[in-house]
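Just so it is clear, none of the values below were taken in a lab; they were calculated from the coordinates. Fair warning: this is a prediction, and the values are worked out from it, not measured in the lab. Heads up, the Cβs are rebuilt from the backbone with ideal geometry, glycines too, and the neighbour counts pull from every protein chain shown.
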């Protein structure tokens, strides 16, 4: 019977497969959404860029802001718990 290599997990291949699938879907999305759009936001006129660029920018912004918001909520809870324990 063959021994499996250390660190061998089928789950790793599933993760790599999902990563490749997500990358492929992103490339397809970018290629399909090349129509130029002008965006008006809070009185600002953004330059005419493809729709996919605006979507990817908003995705990256959400990926950056989401964890910061979760960190802020966590800090508030920790501070509230410390205040409750000290009283």
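Go through the residues of the range 63-75 one by one and say whether even a single one is within 22 Å of residue 31 (Cβ to Cβ), assigned to a helix (DSSP H, G or I) and within 21 Å of the chain's Cα centre (by Cα). Checked against the condition, which is being within 22 Å of residue 31 (Cβ to Cβ), assigned to a helix (DSSP H, G or I) and within 21 Å of the chain's Cα centre (by Cα), the range 63-75 yields at least one hit.
In this entry, residue 13 is excluded by the filter for residues that are in contact with a strand residue (DSSP E or B) (Cβ under 8 Å, 6 or more places away or on another chain) and part of a helix (DSSP H, G or I). If I filter the range 47-58 for residues that are more than 22 Å from residue 23 (Cα to Cα) and without any contact (Cβ under 8 Å) to a residue 40 or more places away in the chain, do I get at least one hit? Yes.
Does the range 61-70 contain at least one residue that is in contact (Cβ under 8 Å) with a residue 24 or more places away in the chain and either surrounded by 10 or more Cβ atoms within 10 Å (Cβ to Cβ) or in contact with a helix residue (DSSP H, G or I) (Cβ under 7 Å, 6 or more places away or on another chain) (or both)? No: zero hits.
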